[in-house]
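The values are calculated or read from the model by the stated rules, or taken from the named source; none is laboratory data. No experiment lies behind these values; they were computed from the predicted model shown. Virtual Cβ from ideal backbone geometry, glycine too; neighbours counted across all protein chains shown.
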Amino acid sequence: MNVLALGGNGSRGVPYRHNYGICGKGKLIAGFVYQLYTARLDLRKGCFQKQEDVSKKIADLDKEIYRLNSQREKLEEAGNYQTNYMWEEYELTLHAAMELRNEAFSDLTDLKKQIAGIKDDIRKLGDVNVNAIEDYKEISERYGFLKGQHDDLIEAEKTLVGIIEELDTGMRKQFMEKFAEIQREFDKVFKELFGGGKGTLELVEDEDILECGIRIIAQPPGKKLQNMMQMSGGEKSLTAISLLFAIQNLKPSPFCLLDEIEAALDDSNVSRFAKYLHKLTKSTQFIVITHRRGTMAAADRLYGITMQEKGVSTLVSVNLIDDDLSN
């Protein structure tokens, strides 16, 4: 009799045949067993397939978990970096930054452009001076000090300008008054020294009276009115002496030294000069250096230097007043 048997785990359930007889029920059982075996194999294959699918899904999930954990760590690191950056750059905590958040600035691209523009403006400003506050305080104090001095100088300038204008006005007035007096006195002295004629003083026109020139016009007796530059040497000298004596009459000085001012005059004019000089001795003491006889004759005292012996100078003096009194 043939018997159909199922092998164990070692034969993986492969049927083998023995030389035994097979009965009808045995065939039925064998078919049923074979179906069970086939179903078992199919089930096992399905389980293996599902197990592989589940393992693959688990591996995929593990990879996704690893990726998400890596991403989370990167985000945390980036968040910590941003938090530290805000504190280091702006001294702001995350909570304080959230309070300052403005919902109007929601466009990230526009914000980046604005930030880039602001950074460019800051860069154009140049290097930052960390001592700017202290420097500003020092410079501000210095500026205040100098500003005070500047204001004082401006005020002093205004005061000085006012004083100068006041003095200038007074000088112009006084000058014109004294110039008119000198004009009158010059004409009077001129007539007395020349024995007539006319002497005139004029200011140069179109110029400041304090800086302008003075024109002297003289008319000796018997001559036409002419500029002083057209006169002879003696006439020029006598005209200049007339002007000197006119000023001396208006404002006498206690002492006056004359050095041969009459050297160019003829004898008649020297006599008039000496006579007028003697009139001025009432208010002024004159020392006259001269070689003219007429001038020496009008003097009160004469002093001379003589050399009777070679290399020996002797001072000689003559008191003419005592001689006049004795005579």
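Taken over region 243-298, the criterion of being over 23 Å from GLY199 (Cα atoms) and part of a helix (DSSP H, G or I) is satisfied by ARG293, GLY294, THR295, MET296, ALA297, ALA298. In region 207-242, which residues are closer than 19 Å to THR295 by Cβ and surrounded by 13 or more Cβ atoms within 10 Å (Cβ to Cβ)? Residues satisfying the conditions are GLY234, GLU235, LYS236, SER237, LEU238, THR239, ALA240, ILE241, SER242.
Report, ordered by the first and then the second residue, all pairs with beta carbons closer than 8 Å, sequence separation of six or more or different chains, a first member in region 89-116 that is surrounded by 10 or more Cβ atoms within 10 Å (Cβ to Cβ), and a second member that is in a loop (DSSP other than H, G, I, E, B) and not basic (Lys, Arg). If the second residue must be in a loop (DSSP other than H, G, I, E, B) and not basic (Lys, Arg), the pairs left are LEU92/LEU100; LEU111/PHE105.
Selection within region 151-192: residues that are loosely packed, with under 11 Cβ neighbours inside 10 Å and among the basic types (Lys, Arg). The member of this set that is farthest from ASN269 (Cα to Cα) is LYS158. From the list LYS173, LYS158, LYS113, the lone residue that is part of a helix (DSSP H, G or I), closer than 30 Å to PHE245 by Cβ and out of contact with any Asp or Glu (no Cβ under 7 Å at 6 or more places or on another chain) is LYS173. Within region 149-169, residues that are modelled with pLDDT under 95 have Cβ atoms under 8 Å from residues that are not in a helix (DSSP H, G or I) in these pairs: ASP168/LEU210, counting only partners at least 6 apart in sequence or on another chain. Taking region 279-304 as the range and being surrounded by fewer than 14 Cβ atoms within 10 Å (Cβ to Cβ) and either in contact with a Cys (Cβ under 6 Å, 6 or more places away or on another chain) or over 17 Å from VAL316 (Cβ atoms) (or both) as the test, the residues that pass are LYS279, THR281, LYS282, SER283, GLN285.
For LEU238, the requirement of being outside any helix (DSSP H, G or I) and in contact (Cβ under 8 Å) with a residue 40 or more places away in the chain is not met. For ILE209, the criteria (1) at pLDDT below 85; (2) closer than 25 Å to ARG172 by Cβ; (3) of a type outside the set (D, E, K, R); (4) out of contact with any strand residue (DSSP E or B) (no Cβ under 7 Å at 6 or more places or on another chain) hold in every case but one, which is (4). Evaluate the following for PHE245: is it of a type outside the set (A, V, I, L, M), at pLDDT 85 or above and loosely packed, with under 11 Cβ neighbours inside 10 Å? It is false that PHE245 is of a type outside the set (A, V, I, L, M), at pLDDT 85 or above and loosely packed, with under 11 Cβ neighbours inside 10 Å. Do you know which residues across region 210-232 are in a helix (DSSP H, G or I) and within 18 Å of LYS191 (Cα to Cα)? Passing the criteria: only MET228. Cβ separations smaller than 9 Å between residues 6+ apart or across chains give the following pairs from region 267-290 residues that are within 15 Å of SER253 (Cβ to Cβ) to residues that are surrounded by 14 or more Cβ atoms within 10 Å (Cβ to Cβ) and among the hydroxyl-bearing types (Ser, Thr, Tyr): LEU277/THR295; VAL288/THR295.
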